[in-house]
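Report on the following structure.
The values are calculated or read from the model by the stated rules, or taken from the named source; none is laboratory data. Nothing here was measured: the structure is a model prediction, and the numbers come from that model. Reconstructed Cβ throughout: ideal geometry from the backbone, glycine too, with neighbour counts over all protein chains shown. The protein model used for the area step is the full one, side chains on, heavy atoms only, and it has no ligands, DNA or RNA in it. Shrake-Rupley method; radii C 1.70, N 1.55, O 1.52, S 1.80 Å.
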Amino acid sequence: SKSGYHAKTSVIVSQAERYTEVLRYRLHVSRDKVRSIVHPQHHRRVYVSVRQYAYNLIGSQFACFDHVINAESTWNPRARNGQYYGLGQLRQYIPDPYRQVQAVDKYMMTRYGSPCSACSFHLQHGWY
């Protein structure tokens, strides 16, 4: 029935909203510092921080990715060092920090094969 559909939809939306609030609480971020993604179970948009977005994108090698980003920019998407910009200190400036995460991931995969290989290189040389 139509009323059953609406009841189920409102439950899904409220679950997604609770999921968003839990993420915000765990990550200590305000609503303006998060971005929407599709919740994997409820297919609803929820909001996550840049770091949580990277964790969701990178998966099991996030600790390696996190080490490099923290060393390069301390997770500041506006960081600049000479001709290098953003989270991963890439040559091209990308204003959107979520796209920066994607670009750094692509760079690490293309140049080193994985975030952990990039991290290993970074630990040996102080740059990647």
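Taking amide H atoms as placed 1.01 Å from N in the peptide plane, the amide H of residue 90 lies under 5 Å from those of 85, each 5 or more residues away in sequence or on another chain. Taking 7 Å steps out from each Cα toward its Cβ at residue 83 and residue 107 produces label points 1.3 nm apart.
Given a 1.4 Å probe and every protein chain left where it sits, what share in percent of the accessible area of segment 51-128 is carbon and sulfur?
Values: 2170 of 4520 Å².
Percent of accessible area from carbon and sulfur atoms in segment 51-128: 48.
Using a Förster radius of 22 Å, what is the FRET efficiency between residue 123 and residue 70 based on their Cβ-Cβ separation? Nearest 0.05, please. For residue 123 and residue 70, the calculated efficiency is 0.95.
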